[in-house]
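The values are calculated or read from the model by the stated rules, or taken from the named source; none is laboratory data. These numbers come from a predicted model, not from an experiment. Counting neighbours? That spans all protein chains shown, and the Cβs are built from the backbone with ideal geometry, glycine included. Calculation scope for accessible area: heavy atoms of the full protein, side chains included, ligands and nucleic acids excluded. Shrake-Rupley method; radii C 1.70, N 1.55, O 1.52, S 1.80 Å.
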Amino acid sequence: NLLEDILVFGKTEQSELTAVSILFDPIELCKRVIEEIKIIDSGQHIFEFFSNEKSFKISSDRQLIRYIIVNLLGNSIKYSDNNTVIRLEFINNTEDFKIKVIDNGFGISEEDQKHLFKAFFRGEKNIGTIKGFGLGLNIVHRAVVALKGEISYESKLNEGTTFIISIPKN
């Protein structure tokens, strides 16, 4: 994961991160990513998946969307206690689609939220000895921008975090 972060970060620093659209089923992608994450997590968390569609096709960058989902789920794992629920939602709308990752983890302090998408920034209020380099959310933000989307979040310290990614269709 660190190597992938560094490679993607290098591309974003050189303005080489561009979206390459292909036709794929995002529901299948989400389910596959959750299965991979469950193996890595070794049963320490409870994963839920919801979509308002059973299956459909979109034209977007599958790799960037996969990276966004993996990174956000990975953060939820790192910053949530064992045996808590981590939820991934994929909502298909007329004009866009939304990806939500919801946890009941440590949350992000208001002070740290101001710097959340800066490269190499790591929160101070709640991470303790949890390892990381502070690249993940910066790259997620850049990937969302490459997809011409928007990223937002809601978080309260000790109550959890929800990230919402909106990506326009076409």
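Worth pointing out:
- Subset of Lys38/Lys148; Lys78/Lys100; Lys57/Lys114 violating a 28 Å alpha-carbon distance limit: Lys38/Lys148; Lys57/Lys114
- Taking trypsin sites (Lys or Arg not before Pro) across region 26-113, the ones in a DSSP loop with at most 12 further Cβ atoms lying within 10 angstrom of their Cβ are Lys54, Lys57.
- Extending 7 Å from the Cα toward the beta-carbon at both His115 and Ile22 defines two label points whose distance is 3.8 nm.
- Long-range HN-HN contacts of Ile46 with modeled amide H, under 5 Å: Asn83, Thr84, Val85, Ile86
- Which of Tyr67, Tyr153 is most accessible, then next, and so on - probe 1.4 Å: Tyr153, Tyr67
- Protein heavy-atom accessible surface, 1.4 Å probe, per residue over region 20-107: 49 Å².
- Amide H partners (placed H, <5 Å) of Gly105, local residues excluded: Gly160, Thr161
- Tail fraction, Cα-Cα pairs, region 11-118, threshold 22 Å, whole percent: 39 percent
- Each residue was assigned an accessible area with a 1.4 Å probe, and for Asp112 the value is about 10 Å².
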